[in-house]
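Engineer: Following this message is one structure expressed as C-alpha cells.
The values are calculated or read from the model by the stated rules, or taken from the named source; none is laboratory data. All of these numbers come straight from a predicted model, not from anything done at the bench. So basically every Cβ, Gly included, is an ideal-geometry build from the backbone, and we count neighbours across all protein chains shown.
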Amino acid sequence: MTAPTGFPHPRDLIPHRGPMLLLERILDSMPDGVSCQGRIPADSPFAAEGRVPALVSIELAAQAAAVFEALVRRESSGAAGPRIGYLVSVRAARFAFTELPTGEPLVAQVRSAGSSPPLGLYDVRVERDGVLVMTATLGAYLTISGILGAP
C-alpha cells in the first residue's frame, strides 16, 4: 500500500500493528534520514484520560528509525518486509514536556549517526505543531536475517 506521499505505508515496513503502530506516513526520505508523521492513538496501552507520558515519543522515533532502515534496505537490495530489530540504548534524551495528548499529529525526524552492523545509531527529534517535544540518540541492534515473514 502506498501513502499519499508516494512512499510505502509504514505498516508495510515495520512489524507494529494496532495501537502500537504509531506512524501514519512517511513525509520525506533522505540518504541519511527520514521524517515521518504519526500520533499516539487514544487506545494506546500507555494512554490514560487522553494523555501519555512523553517517554512514548521515544517509541515513535524508534519506529521512524526502523522505517529509515527498511527504506535503505529496500533501496540497496530490494528486500521488502519488516526486519526484526531491537532498541538497545537511549542516550542524551531531553523532553520539553512530561505528557502528550493522544490523537495529535507528531513528526519524528531521524538522522543516521553512524553504524557498525548490526548496530546503528540515530539522532532523533519529535515535534508537535513545530514545537520540540523530545531529542535523543537511539541505538538499535538489527538482526542479520530477521526479515519477518521470510522462510
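Engineer: For residues in segment 89-128 being out of contact with any Leu (no Cβ under 9 Å at 6 or more places or on another chain) and among the charged types (D, E, K, R), which is surrounded by the most Cβ atoms within 10 Å (Cβ to Cβ)?
Structural biologist: Of everything passing the filter in segment 89-128, R111 is surrounded by the most Cβ atoms within 10 Å (Cβ to Cβ).
Engineer: Show the residue pairs meeting these rules: Cβ distance below 8 Å; 6+ apart or different chains; first residue within segment 35-51 and on the phi > 0 side of the Ramachandran plot; second residue of a type in the set (S, T, N, Q).
Structural biologist: Correct list of pairs: G50/T102.
Engineer: Consider Y122 against the criteria (1) more than 19 Å from L13 (Cα to Cα); (2) hydroxyl-bearing (S, T, Y); (3) modelled with pLDDT of 95 or more: it satisfies all of them except one. Which criterion is unmet?
Structural biologist: All conditions pass for Y122, except number (1).
Engineer: Moving on. Report every pair of residues separated by at least 6 positions or lying on different chains whose Cβ atoms are under 7 Å apart, first residue within segment 127-141 and within 10 Å of L106 (Cβ to Cβ), second in a strand (DSSP E or B) and β-branched (V, I, T).
Structural biologist: Partner pairs satisfying both residue conditions: E127/V107; E127/V133; V133/V126; M134/V126.
Okay, residues lined up against (1) modelled with pLDDT under 95; (2) part of a loop (DSSP other than H, G, I, E, B):
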{"site": "R25", "(1), (2)": "no, no"}
{"site": "V34", "(1), (2)": "no, no"}
{"site": "I40", "(1), (2)": "no, yes"}
{"site": "S44", "(1), (2)": "yes, yes"}
{"site": "I58", "(1), (2)": "no, no"}
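Engineer: Tell me, which residue of segment 85-123 that is over 13 Å from L60 (Cβ atoms) and among the aromatic types (F, W, Y) is farthest from the chain's Cα centre (by Cα)?
Structural biologist: The residue in question is F97.
Engineer: So, one more: Quick one: in segment 46-56, which of the residues that are in contact with a strand residue (DSSP E or B) (Cβ under 8 Å, 6 or more places away or on another chain) and either modelled with pLDDT of 95 or more or among the aliphatic types (A, V, I, L, M) (or both) is nearest to M20 (Cα to Cα)?
Structural biologist: Pass one, segment 46-56, residues in contact with a strand residue (DSSP E or B) (Cβ under 8 Å, 6 or more places away or on another chain): 46, 50-56.
Filter again for either modelled with pLDDT of 95 or more or among the aliphatic types (A, V, I, L, M) (or both), leaving 50-56.
On the way: G50: 16, R51: 15, V52: 13, P53: 15, A54: 15, L55: 14, V56: 10 Å.
Step by step, filter segment 46-56, then rank; the result is V56.
Engineer: Working only within segment 112-140, note down all residues that are of a type in the set (G, A, S) and assigned to a strand (DSSP E or B). Show your work before the answer.
Structural biologist: Taking segment 112-140 first, the residues of a type in the set (G, A, S) are 112-116, 120, 130, 136, 139-140.
Within segment 112-140, S112, A113, G114, S115, S116, G120, A136, G139, A140 qualify.
Engineer: Out of Q63, Q109, which single residue is assigned to a strand (DSSP E or B), closer than 26 Å to P8 by Cβ, of a type outside the set (A, V, I, L, M) and touching a residue at least 24 places away in the same chain (Cβ under 8 Å)?
Structural biologist: Within the list Q63, Q109, the selection yields Q109.
Engineer: Follow-up. Every residue in segment 33-65 that is of a type in the set (D, E, K, R) and under 19 Å from L87 (Cα atoms), please.
Structural biologist: Across segment 33-65, the qualifying residue is only E59.
Engineer: Yes or no: segment 1-19 includes at least one residue that is exposed (fewer than 13 other Cβ atoms within 10 Å of the Cβ) and in contact with a His (Cβ under 8 Å, 6 or more places away or on another chain).
Structural biologist: Within segment 1-19, one or more residues are exposed (fewer than 13 other Cβ atoms within 10 Å of the Cβ) and in contact with a His (Cβ under 8 Å, 6 or more places away or on another chain).
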